[in-house]
Structure formats: C-alpha cells, structure tokens
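Asker: What follows is a single structure, and I will ask about it in a moment.
The values are calculated or read from the model by the stated rules, or taken from the named source; none is laboratory data. Note that the structure is predicted; figures quoted are calculated from it, not measured. Virtual Cβ from ideal backbone geometry, glycine too; neighbours counted across all protein chains shown. Heavy atoms of the whole protein, side chains included, go into the accessibility calculation; ligands, DNA and RNA do not. Shrake-Rupley method; radii C 1.70, N 1.55, O 1.52, S 1.80 Å.
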Amino acid sequence: MPLRNYSRRRLLPRLVFSLSMALLPLLLGSFIIYWQSLRTLSVEARAASNEAVRLFDVMLGNATGAARAALLHADESCDDATQVLREQVAVVPFVRSVNLTRNDDIYCTSLFGEFEERLDPGQYVNGQLRMMAGNSVTPSSALLILRRVEGSNAALATVDGRYLSNTLQLVDQLSDLQLQVGRQWMDEEGRVFDGEPAQLPLGHVEQASERFPYRVIGGFPRGAQWQHIRKEALPLVALMLMLGGVSGIACYWLWGRSAKPSLELERALLAGEFVPYLQPLVDARDGRWVGAEVLMRWIHPREGMVGPDLFIPMAERSGLIVPMTRELMRQVADGLAPHGKLLCDGFHLSFNISARHCTQPGLFDDCRDFQARFLPHRPELTLELTERELIVSSALTDELFDNLHGLGVYLAIDDFGTGNSSLAYLHRFKVDALKIDKSFVAMIGVDALSSHILDSIVELCGKLDLMIIAEGVETAEQRDYLARRGVEVLQGYLFDRPMPLATFVQGLQERKGER
C-alpha cells in the first residue's frame, strides 16, 4: 500500500515518469506548432485567393467597360467603329483587344479592322467568359475573353494572359494560385490546361467570383509547412525544449518529495483521488433505506483502492482530514442534491469528524453550505464523533456544537463502547444518537457477556432518549435480535456494502420505482 513505505521508491519508474513529463511539452508543443502552421497556410491561401479574385474582377470590370463602349457603335460600319475599338485598347488598362460580332460572326476588330470569323458561343462559360492558351495572332500567349451581348450584337474584350499570370505570382509569392474558367485553368507560369486541376496538397481553397463565372484555386505544395516552421517557429521550439527540461527536473524532484505520506495525501487531495462511498442505513422493521454513512475511499492511480485504516490516521494527525472531509461533502452534494426528491423524510446522511474538525474553523460553514445544496429536500445531517483523537470540551467546542444543533445538525458517537471517551462524550456533549460497534453485534448468539453489554447500551439509550444505530449487521439472527430490543436503524453487509455515489443514487431510483 502506498503509505507503508513511501521513502523506498524505485529509481526506474521515477526516471521514466520524469522523462515522460519532459517529452510531453515538446510533443504537445510540436503538435500545436504543426497544426498552427497548417492553419496559417490555409489562412494565407484563402487571403491570397480572395485578393486574386478582387484583382481579376477589376480587370474584367475594365473589360466590361470597354465592351460596353464598343457596343454603342455596333450599328455603325466597321470603318467608323474601328477607331473607337482602338481607343478602348489604348486607354483601358489590361485590355489587349476589342472585337464586335453580329449574329455570332466577328466582323470588326481593333487590330485588323474589318474581319470575318465565326464565333461559337458554346465555348464561353455562361456565354460570358472563355480562357484560351493563345490565338492566331499570339499563339504562345494566353488570353481571357469577356463577351457582352446586346440583342444580336456582342462585344469581345480580351485581357492579356501576362496580366493574369503576373497577378497569380505577385499576390502571394509563397502560395500556389490557379485561375479556372470552365474546364480551362491557368497556372502561375501562364500555361493553360484543359480539365480539372489536381487538389493542392496543403491549405487547398477555392474562391469563386461573385461577378464573373471563374474561380481562383489556392494552396501550398508539399513541405511548405516545414519551411514555415523553420522560418517562424524556431524560437517556440527552443522554448518548448526549455520547458520540457524544467518540467522533467521538477517532476523528478516532486516524485522524491512526495515520498512523505502527508505530502502524498496533499497530492491526492489536489488530484481528486478521495471519493465518497455510501453504506445505507436501513429501518429495522421493513428494511427501507432511511439514511447512509458517507465513507472516504482513496482511489490511488497506481495502488488502486487504499483502505481507510492506512490513510485516515495520517490525515487526522496532519490536519488534512478537515479539507478532505470538506471535499467529501462537496462531492456528495454535487452527486446527490440533484436527486433530493428521492430521499424520504428524515433521511440521514452522516459524516465522521475528529478532534481536528473542532479546533480548526470551517465545520459550521461546511455543514450550512451542505444543507443549502439540498433545498428544498434537505436531509438530516449527522456528524459522527470518532474516538481516535479525544475531543476536549472547551468553550470553543461547546459553542461549535451549540451552533450545529441550532442549524439542525445531529451528533452521534461512533463505535460506542470501544473507547475510553464514549461515556465522557455523553456527559459533555448534547449527543443525539449512538452507533453500537460491530464487535458487540458480531457476538450476538456467541458470547453472553457481550450480549448483556449490548442490552445495557440499548437500555441506556432508551433512558437518555437517544437514537440507536447498530453497525456490522451480517446475519439475519443479528437483525432479528436487535429489532426485538428496539434498535431502530441497522447497518451492515446483510443489507448493502459501501458503494460508489453513482451506484447509491441508482439504488435510490430503483427503490423509488418499486414504491
């Protein structure tokens, strides 16, 4: 068990744990940095795509203006309209040529004047936009053609592919950008390809224009994340290495420091390893659950369940029993208060307290807060006085117990008859109940002397008008014997063993359903 000899620690587990804690910040930090680099690349790709769309919309907006101006002269002869077409090419940015068509026949161009060539509208996306790798005039230079239609007339305004490729390159020099119109797409080198482009390995994003039928595809090539990490995250990597070293050294030191039992108890309290187990109190007449004793259990991460006889005495001597009990009451309130309607009238919940609780502040507030959590279904809270340490009567303890009685809290003497202080407690304090120790119950039908002592305790409780609780009931013979002598409440393995809080709540629900 963990408190028997904590000073003897094996070196290998300590080193392994310390090394793990040293590597943990590095591994977690590396994961976070890697994830952050991918996220940054995705954000940069989206920002670059949005900026490219904005610039392409400006270019096509200029082309739209040039086409609109050309259509104003569509009814004129080509000789008259050519001058206007050439002015648009000369004045409007990004526009390389402007052509006029009638009934889908190109009849006038800014370059040649009169011209004759059949136009296929089906090659234009939405009848509006077409990308070409080149034409008869510039076969090696890509171009983007905007088509604007008015009736049987239409104007074609061409944007030079060099403007497009320069935009793709300059918007973000680290990311890869592609311009796609229908099934044709252009890379940053100005090359035009047919078909769907392959998805970019990192940060792939597709941003469509709201004004024209095209989209920009952005992303990064493989390995871009490592370049980003080398460029941006080296200081963070150095910081993680330092934190890992500090963490490993600190854990190595704390492991050795926690070899002291009291420090191990502090660690366990902070880690939430002390949990409540509840053993039901039953009505001796019909077996109904009329209460429960809350017992503290230690779920150790390496040793498993630790018996209370190993850690409770140490907790009382060190004073940690007070915050441990407070944490126990909080857990019971958290888990049981939402089910307060399942508790019958007069339902008892009892907690053990020691001399430390009476000399340190906070017990009254803890009890008041505990009761407030259960409103309006408030159970009867009972504090069991243990005899491991003598509770000395003083003005402080007398005032405390008077205040607790005023709050409606009951006092019970635990394991009555086994210690030197039981009768003294009856004399000094206003006790409401006695718990008969299981050693007397176990001797029912076995030892006549113990039975006489038990009968005397029952008779004493009757004269003092005290409630009697017999613990350690394990046989039907013991149950019947105690019931015949007027013992009201029983507790023991015959009815139920101590159980986790969730199991106790489930038992309450099942019994509520039966009724």
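Asker: Tell me the label-point distance for the pair residue 502, residue 339, using the 7 Å Cα-to-Cβ offset, in nm and rounded to one decimal.
Answerer: Simple spin-label model gives 1.1 nm for this pair.
Asker: Order 440, 504 by their accessible area, 1.4 angstrom probe, all chains in place, largest first. If you can, show how the numbers build up before the last one.
Answerer: Values: 440 25, 504 0 Å².
Solvent-accessible surface, decreasing: 440, 504.
Asker: Quick one: pull the percent of accessible area on region 92-222 belonging to carbon and sulfur, 1.4 Å probe, ligands and nucleic acids left out.
Answerer: Numbers: 2890 of 6440 Å².
In region 92-222, the share of accessible area belonging to carbon and sulfur is 45 percent.
Asker: Relative to the compact globular guide of 2.2 N^0.38 Å, what is the alpha carbon radius of gyration of region 152-278, as a ratio?
Answerer: Details: Rg = 28.9 Å, N = 127, 2.2 N^0.38 = 13.9 Å.
Cα-based Rg divided by the globular estimate yields 2.09.
Asker: Regarding region 13-61, what are the three Cα extents along the principal axes, ordered largest first, in Å?
Answerer: 70, 7, 5
Asker: Could you rank 242, 443, 131 by how accessible they are, 1.4 Å probe, largest area first? If you can, show how the numbers build up before the last one.
Answerer: Details: 242 115, 443 60, 131 10 Å².
I get 242, 443, 131, largest accessible area first.
Asker: Hey, what do the phi angles of region 105-110 turn into as Karplus ³J(HN,Hα) couplings, whole Hz, using 6.51/-1.76/1.60 and θ = phi - 60°, x for Gly and Pro?
Answerer: Couplings: 10, 6, 10, 8, 10, 6 Hz.
Asker: Using a 1.4 angstrom probe and counting only protein chains, how large is the accessible area of residue 339 in Å², to 10?
Answerer: Its heavy atoms expose roughly 60 Å² to the probe.
Asker: Given a 1.4 angstrom probe, what's the average accessible area per residue across the chain, in square angstrom? Walk me through the numbers on the way to the answer.
Answerer: Details: 26100 Å² over 515 residues.
So the chain comes to 51 Å² accessible per residue, rounded to a whole number.
Asker: Moving on to the next point. Can you give me the distance in nm between label points at residue 267 and residue 72, each placed 7 Å from the Cα along the Cα-to-Cβ direction?
Answerer: The two pseudo-label positions are separated by 8.6 nm.
Asker: Roll a 1.4 angstrom probe over the protein heavy atoms and tell me the percent of accessible area of region 30-79 that is carbon or sulfur. It would help to have the intermediate numbers written out before the result.
Answerer: Details: 1450 of 2460 Å².
Here it works out to 59 percent.
Asker: While we're here: Can you work out the FRET efficiency for the pair residue 166 and residue 227, with r the C-beta to C-beta distance and R0 = 30 Å, to the nearest 0.05? Spell out each step's value before the answer.
Answerer: On the way: r = 23 Å, r/R0 = 0.78.
Computed FRET efficiency for residue 166 and residue 227 comes out at 0.80.
Asker: Expected output is a single nm value to one decimal: the length gained when fully extending between residue 372 and residue 208, i.e. 0.36 nm times separation in residues minus the C-alpha distance. What is it? All intermediate terms of the calculation are to be shown ahead of the outcome.
Answerer: Numbers: separation 164, 0.36 × 164 = 59.04 nm, distance 6.01 nm.
Full extension from residue 372 to residue 208 adds 53.0 nm.
Asker: From the gyration tensor of the Cα coordinates in region 446-514, what semi-axes in whole Å does the equivalent ellipsoid have, largest first, with each one equal to sqrt(5λ)?
Answerer: Values: eigenvalues 159, 42, 21 Å².
Taking √(5λ) for each eigenvalue gives 28, 14, 10 Å, largest first.
Asker: Can you count the Lys pairs in the chain whose Cα atoms are under 24 Å apart, with each pair 8 or more apart or on different chains? Spell out each step's value before the answer.
Answerer: Numbers: 341/512; 430/438; 430/463; 435/463; 438/463.
Total qualifying Lys-Lys pairs in the chain comes to 5.
Asker: Next question, about the same structure. Just read off the accessible area of residue 185 with the full protein assembly in place, 1.4 Å probe, to the nearest 10 Å².
Answerer: Only protein atoms counted, so the area is about 40 Å².
Asker: Report, in whole Å, the centroid distance computed from the Cα atoms of region 287-301 and region 27-60.
Answerer: 56
Asker: For the chain, report the convex hull volume of the alpha-carbon atoms normalised per residue, in Å³, without decimals. Each step should come with its number before you reach the end.
Answerer: Details: hull volume 136.2 nm³, N = 515.
Cα convex hull per residue, to the nearest whole number: 265 Å³.
Asker: With N residues in region 293-392, what two-decimal value do you get for its Cα radius of gyration over 2.2 N^0.38 Å? Before the final figure, lay out the partial values.
Answerer: Details: Rg = 14.3 Å, N = 100, 2.2 N^0.38 = 12.7 Å.
Taking N as the residue count of region 293-392, the ratio is 1.13.
Asker: Roughly speaking, what is the stretch gain from residue 89 to residue 288, that is 0.36 nm per residue apart minus the C-alpha to C-alpha distance, in nm to one decimal?
Answerer: Separation in residues times 0.36 nm, less the Cα-Cα distance, equals 61.8 nm.
Asker: Another question about this same structure. Within the chain, what percent of beta bridges assigned by DSSP are antiparallel, to the nearest 5? Please report the intermediate quantities before stating the final value.
Answerer: Numbers: 60 of 83 bridges.
That works out to approximately 70 percent antiparallel.
Asker: Along each of its three principal axes, how wide is the spread of alpha-carbon positions in region 86-193, in whole angstrom units, largest first?
Answerer: 45, 29, 23
Asker: Pop the C-beta distance of residue 250 and residue 50 into the FRET formula with R0 = 45 Å and round what comes out to the nearest 0.05.
Answerer: Values: r = 46 Å, r/R0 = 1.03.
In this case the efficiency is close to 0.45.
Asker: Carbon-plus-sulfur fraction of the accessible area of region 243-374, 1.4 Å probe, in percent?
Answerer: Values: 3140 of 5530 Å².
It is 57 percent, rounded to a whole number.
Asker: May I pose another question? Starting from the Cα of residue 430, step 7 Å toward the Cβ, then list every residue of region 460-481 with an amide N under 20 Å from that point.
Answerer: Only 461-468 pass the distance filter.
Asker: Subtract the Cα-Cα distance of residue 189 and residue 455 from 0.36 nm times their separation in residues, and report this length gain in nm to one decimal.
Answerer: Details: separation 266, 0.36 × 266 = 95.76 nm, distance 10.32 nm.
Length difference between fully extended and current span is 85.4 nm.
Asker: With a 1.4 Å probe and all protein chains kept in place, how much accessible area does residue 341 have, in Å² rounded to the nearest 10?
Answerer: Per-residue accessible area (residue 341): approximately 140 Å².
Asker: Among all cysteines in the chain, which have no other cysteine Cβ under 4.7 Å from their own Cβ?
Answerer: 251, 344, 358, 367, 461, each lacking another Cys Cβ under 4.7 Å.
Asker: How would 269, 243 line up by accessible area, probe 1.4 Å, largest first?
Answerer: On the way: 269 40, 243 90 Å².
Descending accessible area places them as 243, 269.
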